[in-house]
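Novice: One structure, as structure tokens, below. Some questions next.
Here, each number is a calculation from the coordinates, and none is a lab measurement. These numbers were taken from a predicted model, which means no experiment stands behind them. Every residue, glycine among them, receives a Cβ derived from its backbone with ideal geometry; neighbour counts consider all protein chains shown.
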2 protein chains.
Amino acid sequence: MYNSLRNYITEYSSIDITDEEFTLILDAFKPKRFRKRQYFLQEGDVCKYTGFIVKGSMRQYSVDQSGNEHIVKLCIENWWAGDYESFVMLTPSKYNIDAVEDTELLLVTNESIQELRSLVPAVNRMIQVMDQRGMIAGQRRMHASISLSAEERYLELENTYPALLQRFPQTMIASYLGITPETLSRIRKQLITRLK
Amino acid sequence: MYNSLRNYITEYSSIDITDEEFTLILDAFKPKRFRKRQYFLQEGDVCKYTGFIVKGSMRQYSVDQSGNEHIVKLCIENWWAGDYESFVMLTPSKYNIDAVEDTELLLVTNESIQELRSLVPAVNRMIQVMDQRGMIAGQRRMHASISLSAEERYLELENTYPALLQRFPQTMIASYLGITPETLSRIRKQLITRLK
DNA sequence: CGTCTATTTGAATGTACTCAAAAGCGGTGG
DNA sequence: CCACCGCTTTTGAGTACATTCAAATAGACG
């Protein structure tokens, strides 16, 4: 169960972890299961924990005045679930996070993370790299959102994270792309008939 | 000239800088002036330097196949100009960056930054904080892009960075919001008449 | 098999875009 | 100081694309 986390850390940091260090990590991360549809975070609450996904999938979304859901993040194995802003600033979150499938998480507080950062070089490096990549991914997505059409954004998602397309229902993919399910359905239809 | 950088570092890191440390910083950052319209970075080049803006303003944008410009970032005093992805990964950039007004920058390489990080705690902390805030700002902007209308996005920008509205021509603001100048003009007209 | 949810399709509406032209504004040179 | 030029902003008309609402179809699960 913790192996995937260990692999993740060494891979991202390019630094090996000693067994003593790994003990510290084990202490900091607590496993927790979420059943399908169960909430990990509700709007208005502070995101006390961030969770490493060992198995399963989650979505992060806001709900507007009209009751429409807007998915800002979809995550599967080896990703982190949690509202970054709320977790870091300890402010109430604008988002909900819930399990799309039955999901196993390893939970950790920001306090523990900061402590680990100072004790385990690999963890410190991992977070630096994660922040860097997160920033880059964010900028790419923003660029796509500004300058690409809905169809192009769908194709980009297909290239960048093909796993997400297979893992989540179309309604959620559409929401993630910022379009309605109907529009996505029509885009896909077009793409298919255009191939022939 | 370097004072604004010094203030920026202490403010972001909440750590004071000794005069010896400041000497190291002076060595790493080289001042450079850009005249209005002069390029700081051209598409295809690697972004070797990132620049702290002492005075002036810059824009970062891509140009698509149809020749349309898409502005992804607008920056003014006390912001950093540079393509994050290219700067960090040393890959060719997809963006152009040029001066909107006559601009004074303090340039630094990624190498120097990494070195400073290990020598000057305040710099290390500053970058952590910058990455955090950058991530948060990015997520907010992405959320706005997915779930808000053009008008709402304009109002949000007005709240978040009022300085940008006064500093850049409407055409650029429109591009930054992902809409055409005509649409922005109409939105503003609507907002004004609605106030009466 | 029946129920519940997701996806597809259709028709009408709305929002933003394109293209074209007019108006406004700022700076420069006579 | 004014007239002119270039650039930005505004306005208008027609078009394209995505949305809404409603209904039909298809899948998934008990």
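Novice: Treating the beta-carbon of each Lys and Arg as +1 and of each Asp and Glu as -1, no other charges, what is the dipole magnitude of chain B about its Cα centre, to the nearest 20 debye?
Specialist: Here the size comes out at about 840 debye.
Novice: Here's a follow-up. Please arrange A:LEU119, B:LEU90 by how many other C-beta atoms lie within 10 Å of their C-beta, fewest to most.
Specialist: Result, fewest neighbours first: B:LEU90, A:LEU119.
Novice: Can you tell me what share of the DSSP beta bridges in the protein assembly as shown is antiparallel? A percent to the nearest 5 is fine.
Specialist: Roughly 100 percent of the beta bridges in the protein assembly as shown run antiparallel, per DSSP.
Novice: How would A:MET135, B:MET89, B:MET1 line up from fewest to most surrounding beta-carbon atoms within 10 angstrom? List each step's numbers first, then the result.
Specialist: Details: A:MET135 19, B:MET89 16, B:MET1 10.
So the ranking, lowest neighbour count to highest, is B:MET1, B:MET89, A:MET135.
Novice: Would you work out which of A:VAL54, A:TYR95, A:ASN3 lies farthest towards the positive end of the dipole of region A:3-147, given +1 charges on the beta-carbon of Lys and Arg and -1 on that of Asp and Glu, about the Cα centre?
Specialist: It is A:TYR95, whose Cα lies furthest towards the positive end.
Novice: Follow-up question, since we're still on this one. Using Cα pairs closer than 8 Å and at least 6 residues apart in sequence, work out the relative contact order for region B:119-196, in percent.
Specialist: Normalised by residue count, the contact order of region B:119-196 is 18 percent.
Novice: If I model a spin label at A:LEU26 and B:GLN166 as a point 7 Å from the Cα along the Cα→Cβ vector, what separation in nanometres do I get?
Specialist: Rounded to a tenth, the inter-label distance reads 5.9 nm.
Novice: The protein assembly as shown: percent of C-alpha pairs farther apart than 37 Å?
Specialist: Cα-Cα pairs in the protein assembly as shown separated by more than 37 Å: 27 percent.
Novice: For the protein assembly as shown, give the magnitude of the charge dipole about the Cα centre (Cβ charges: +1 Lys/Arg, -1 Asp/Glu; no others), in debye to the nearest 20.
Specialist: Approximately 1520 debye in magnitude.
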